[in-house]
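The values are calculated or read from the model by the stated rules, or taken from the named source; none is laboratory data. The structure presented is a predicted model; accordingly, all values stated were derived computationally and were not measured. Note that we place each Cβ from the backbone using ideal geometry, even for glycine, and neighbour counts take in every protein chain shown.
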């Protein structure tokens, strides 16, 4: 038997309105990071002293939404690793943004289905978006901003034959 009960550390059930408020805050924070060059470049990098490189990769562009990946890039010689690996859907018309995952393998995983308990889905969504909200706040405090985000020389995904955690430009 499958159990969808997951301890989540929440004392009371997250409310949809509060989740929407967090997603609106994520949208606001991302506007402080996303430069105009995002319209012309699919790969951006932000470098600030005392912080790993922050990478942003546009995965999909549509009229009303942009789907991208935001992650730190850790370099050790020719090896590169990425963490946390946030996939974010940015809704231009609704002025909200949401974390869809924090893992490459989960980026396109179906997270909703009529058979899934809605309470657990809301809790998972709440945790992902709250974590993204906190991380974006931290990034902005570190000094990452529109000014530091510049077009990158190479994409994270340029060498597909290598594992995601060992991409070499």
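Going through (1) under 19 Å from residue 131 (Cα atoms); (2) assigned to a loop (DSSP other than H, G, I, E, B); (3) modelled with pLDDT of 95 or more one by one, residue 14 falls short only on (3). Scanning the stretch 51-73 for residues that are more than 19 Å from residue 37 (Cβ to Cβ) and in contact with a helix residue (DSSP H, G or I) (Cβ under 7 Å, 6 or more places away or on another chain) yields one hit, 51. Looking at this structure, is residue 132 in contact with a strand residue (DSSP E or B) (Cβ under 8 Å, 6 or more places away or on another chain), crowded, with 19+ Cβ neighbours inside 10 Å, under 26 Å from residue 36 (Cβ atoms) and modelled with pLDDT of 90 or more? Answer is yes for this residue.
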